[in-house]
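Bear in mind these aren't lab numbers, they're just calculated from the coordinates by the rules spelled out. These numbers were taken from a predicted model, which means no experiment stands behind them. Every residue, glycine among them, receives a Cβ derived from its backbone with ideal geometry; neighbour counts consider all protein chains shown.
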Amino acid sequence: MVAESAATYTVNGNGHAHNPPSMGDLLDAEPLDEDVFDIERAAIDAAALTPAPGALPASDKPNTMRQRVADSVETTLNLGEGVILVAILGEDGAVADERLYSEKFACVYDNISIEEIAPRTFSFNNPHGACPDCTGLGTKLEVDEELIVINPDLTLEQGALGPWQTVAGQSQWYSRQLAAAGERHGFKLNTRWRDLTPEQVHIVLHGDPKPITFRYRNQAGVTREHSTTYEGIVAFVEQRYKEGSEHMRAEMEQYMSARVCPTCNGKRLRPEALAVTVADRNIFDISTMAIEAAEAFFAKLNDRLTEREGIIARQILKEISARLGFLMNVGLDYLTIGRTANSLSGGEAQRIRLATQIGSGLSGVLYILDEPSIGLHQRDNMRLIHTLKQLRDLGNTLIVIEHDEDTMRAADHLVDIGPGAGAHGGKVVAQGTYDEVVADPNSLTGQYLSG
């Protein structure tokens, strides 16, 4: 392997030495006049990683050779400003291939660069990670032509288009523009919307690129002649939404619909963040997995990592697997990681918080849970109870409002409040262990539990 760095430049004429050029300068350097400059490309060091037997003194052990190469590469990177050209020698000693490497987060071939990768890179709530087009929402509000047309049986003057009243009500400026465009394309403002041809509809909504000349009277009562292009109702709505007041934005939103962002395709992140993959999957791919599938993915991930990668990822994978395990234990294996909070049931939201609390390892906390088994399949009931016991065993107190028999059987202490519901209850009818409540003749709950 030959490591080539920036060479030294010497000037024959006056003896002054120039600073070493960058690697890019060196690679792109054009031959200069020999009478002025003598360009010398100096290799810092050259060493074979696997030298032929007997080619080295006995004192040059493999680790010594590796250290020499490492030192050479480090020196070369310093001189080359983080860029190094590695020449791979063939068996005949000639250069068989050259490879260009860079320490920077950039491609040395097409000049694409990214910022240093950090946690914020993968957050759509942070400008450094969010898609620049939709600002991390995954959707964009776009003008919906179907919402603009509120009544196709009316004419433009009568209000066939919702935004037109806002447009025409400001001054004659916009109505004269549209009238001039109509004269060119064969329609008038008193033409019913449904009677317009598709070409005329397109002109009204999206404008006419050709300049039009029209006369209008301004608010001061002065008649003027003006030449401009008619931009269309859609452009008007977009402009008012972007530049208008909060009131104007709210008014324009009624003519817009949320659509998947065409830049990120709903993935909410920058292309740079989505280009980072682990086992051929980026963060969006993993966030669309169900928790059960994600747990299996991370359980097998260590087998695909090198020894060095495994050491780096060991603690991270341990933490991820533990958190996914907590969610599995509360019966949420069917949820996807990227599930939005407003789509969760009350029971699901409580169980997610439960899993979070177990992971935090807090003790001495009082938890009050209101029917956490809601939405939970009966087969997963014991997993939830096991999680509740884990929280208790950490030194916490749990008050659970529940009608589930398995939960009541597992409780350390039962309090039966009744005897009826609502205004007919509110009194402590019985309390104690499960067996004590079942044996209490005043407890209607105990009677049901005893059969």
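Side notes on the structure shown:
- Shape call, segment 141-260: gyration tensor on alpha carbons, a/c limit 1.5: oblate
- Projected label distance in nm at ASN126 and ALA106, using a 7 Å step from Cα toward the beta-carbon: 2.3 nm
- Placed amide H near MET256: partners under 5 Å, 5+ positions off or other chain: ASP144
- Segment VAL260-ALA279, length gained on full extension (0.36 nm per residue, minus Cα span): 4.1 nm
- In summary, the lysines within cross-link reach of LYS318, defined as a Cα separation below 24 angstrom excluding same-chain residues under 8 places away, comprise LYS300, LYS389.
- Legend: ranking of residues ARG339, ARG409 from fewest to most surrounding C-beta atoms inside 10 Å; resulting order ARG409, ARG339.
- Among ILE311, HIS202, MET256 the positive-end extreme of the charge dipole of segment 185-318 (Cβ point charges): HIS202
- Relative contact order of segment 283-412, pairs being alpha-carbon contacts under 8 Å that are 6 or more residues apart, as %: 25 percent
- Placing a pseudo-label 7 Å from each Cα along the Cα-to-Cβ vector at GLU183 and ALA423 gives an inter-label distance of 7.6 nm.
- Residue-span extension gain [THR433 to ASP92] - 0.36 nm each, minus C-alpha spacing: 114.0 nm
- Percentage relative contact order, segment 139-196, counting C-alpha pairs under 8 Å, at least six apart: 37 percent
- The stretch between GLU405 and GLN165 holds 80.1 nm of extra length on full extension. This uses 0.36 nm per residue minus the Cα-Cα distance.
- The alpha-carbon of LYS140 sits under 20 angstrom from the alpha-carbons of these lysines, leaving out residues fewer than 8 places away in its chain: LYS242, LYS267.
- Counted charge near ARG268, where neighbours are those whose Cβ lies closer than 15 Å (Asp, Glu -1; Lys, Arg +1): +3
- Three-way shape call for segment 396-451 based on the alpha-carbon gyration tensor, with the a/c threshold at 1.5: oblate
- Interchain or long-range residues, amide H under 5 Å from ILE212's placed H: THR228, THR229, TYR230
- All other residues whose Cβ lies under 15 angstrom from that of LEU305 are scored, Lys and Arg at +1 and Asp and Glu at -1, for a net of +2.
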